[in-house]
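Worksheet: one structure, shown below.
Taken together, the values in this text are just the output of simple stated rules run on the coordinates, not laboratory data. Please read all numbers here as calculations on a predicted model, not as lab measurements. Cβ coordinates were reconstructed from backbone atoms using ideal geometry, including for glycine residues, and neighbour counts include every protein chain displayed.
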Amino acid sequence: MDFAHRMEEGICIVAVSGRLDAATSGAFGAGMMQLIDDGVLKLALDLATLEYVSSAGLREFLRAAKAIKARGGSMVCCSLKDYVKEVFDMSGFSSIIPVSASLEEGRSSLG
Amino acid sequence: MSASIERTASLDSIEEFKAFLKSEAVAGGVPELEMGRVTLALEEVLTSIVYHAYPKADGRINPRHTIQLACKAKDGQLLMRIVDKGKPFNALADAGSGLDLLGGGGGMGIYLVRKIMDKVQYERIGDFNVLRLLYTSKAAR
């Protein structure tokens, strides 16, 4: 799992690649919570190169979404690969966390 | 069961279990396209066993703690049997519903397992936890 972030026009863009499973999701979750604790209120996750997610990864997405919402911010997941989208749909995540087809669309939705 | 492997109960073993399952299932007619979700179900069950049936002492892995996976696939139908010698633990319990995700509670992985597999069953047999999971490919339904 690789995790990188950059700020663009007030939006924090987090690119996550590789696998989010029981072995790797802890580091991902810690990275996300650090950004939120540092005051990020608009977060766009670029998942174009995320190959795999299990329930351990889903839990971290949810934890981050709840934390940012509690601070009055918002988060969007962008560019999901087919497999990741299937897991989001199966788990009901697609109706809990905003999902955008592209990073551009996701950034626009955050204003 | 036509084939089986036994490996240490550790997250490091999961990829090997998944590769074995994929190979057997595809040979038995389950389309490769459907194997992403099937191996996810296996990973969720194995992760649950590693964490709960075999609680680790000081984070160390005990090589005597193992998990056995046996599988049989034919005409697009896949039967898995997963056996461990850990403490009595039903990895299929507490699935809850999708809405439980909002609360951030556990059971999310098992919820996915139940969504993916057609039939799931747990039995405690002697000193063993025995899980049986059945998957029928879309074309074989």
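For the residue pair B:I125 and B:K72, what label-to-label distance in nm results when each label sits 7 Å from Cα along the Cα-to-beta-carbon direction?
So the label points at B:I125 and B:K72 sit 1.2 nm apart.
Could you give me the ³J(HN,Hα) list for region A:10-16, computed from phi with Karplus coefficients 6.51, -1.76, 1.60 and θ = phi - 60°, whole Hz, x at Gly and Pro?
So the Karplus estimates, Gly and Pro as x, are x, 10, 8, 9, 10, 9, 10 Hz.
In chain A, once you exclude exposed trypsin sites (Lys or Arg not before Pro) (DSSP loop, at most 15 other Cβ within 10 angstrom), what's the longest stretch remaining? Numbers along the way, then the final one.
Numbers: sites that count: A:R71, A:K81.
Formally, the longest exposed-site-free interval is A:1-70.
Which three numbers, in whole Å and largest first, are the semi-axes of the equivalent ellipsoid of region B:3-140 derived from its Cα gyration tensor as √(5λ)?
Details: eigenvalues 108, 72, 35 Å².
That gives 23, 19, 13 Å for the three semi-axes.
Which one of B:A91, B:A27, B:A70 has the biggest mean-square fluctuation once chain B is modelled by GNM with Cα springs under 10 Å?
B:A27
Relative contact order for chain A: what percent, with Cα pairs under 8 Å and sequence separation of 6 or more?
Numbers: 192 pairs, mean separation 28.9, N = 111.
Normalised by residue count, the contact order of chain A is 26 percent.
Relative to the Cα centre, what is the charge dipole magnitude of the protein assembly as shown, using +1 at the beta carbon of each Lys and Arg, -1 at the beta carbon of each Asp and Glu, and rounding to the nearest 20 debye?
On the way: 30 positive and 31 negative charges, 147 e Å.
Dipole about the Cα centre, nearest 20: 700 debye.
Determine the percent antiparallel among the DSSP beta bridges restricted to chain A, to the nearest 5. Write down the numbers at each step before the final one.
Values: 7 of 21 bridges.
Once the DSSP bridges in chain A are tallied, antiparallel ones form about 35 percent.
Please tell me the relative contact order of region A:1-41 in percent, rounded to the nearest whole number, where contacts are Cα pairs under 8 Å and at least six residues apart. Numbers along the way, then the final one.
Details: 32 pairs, mean separation 15.2, N = 41.
Relative contact order here is 37 percent.
Taking only Cα atoms and a 10 Å spring cutoff, compute GNM fluctuations for chain B and point out the largest among B:F128, B:F17, B:F89.
Among B:F128, B:F17, B:F89, the largest mean-square fluctuation in the Gaussian network model of chain B belongs to B:F128.
Please work out the C-alpha center-to-center distance from region B:1-42 to region A:73-110 and express it in whole Å.
The distance from the Cα centre of region B:1-42 to that of region A:73-110 comes to 28 Å.
Please build a GNM for chain A, connecting alpha carbons under 10 Å apart, and tell me which residue among A:G39, A:G18, A:G26 fluctuates the most.
Evaluated over chain A, the most mobile residue of the options is A:G39.
When the helix-only estimate is applied to chain B (DSSP H runs of n ≥ 4, each -39,500 (n - 2.57), divided by the residue count), what is the mean residue ellipticity at 222 nm, nearest 500 deg cm²/dmol? Present the calculation step by step, with values, prior to reporting the outcome.
Values: 4 runs with 41 residues, N = 141.
After summing the helix terms and dividing by the residues of chain B, the value is -8500 deg cm²/dmol.
Plugging the Kirkwood radius over Cα pairs into Stokes-Einstein for region A:2-104, at a temperature of 25 °C and a viscosity of 0.890 mPa s, what D comes out in µm²/s? Working shown, then result.
Values: Rh = 13.3 Å.
Rounded to a whole number, D works out at 184 µm²/s.
Where does chain A land at 222 nm, in deg cm²/dmol rounded to the nearest 500, when only DSSP H runs of n ≥ 4 count, each adding -39500 (n - 2.57), divided by all residues?
Details: 4 runs with 47 residues, N = 111.
Result for chain A, helices only: -13000 deg cm²/dmol.
Taking Cα pairs under 8 Å and at least six residues apart, what relative contact order does region B:3-140 come out at, in percent?
Numbers: 253 pairs, mean separation 38.3, N = 138.
Averaging sequence separation for qualifying contacts and normalising by length gives 28 percent for region B:3-140.
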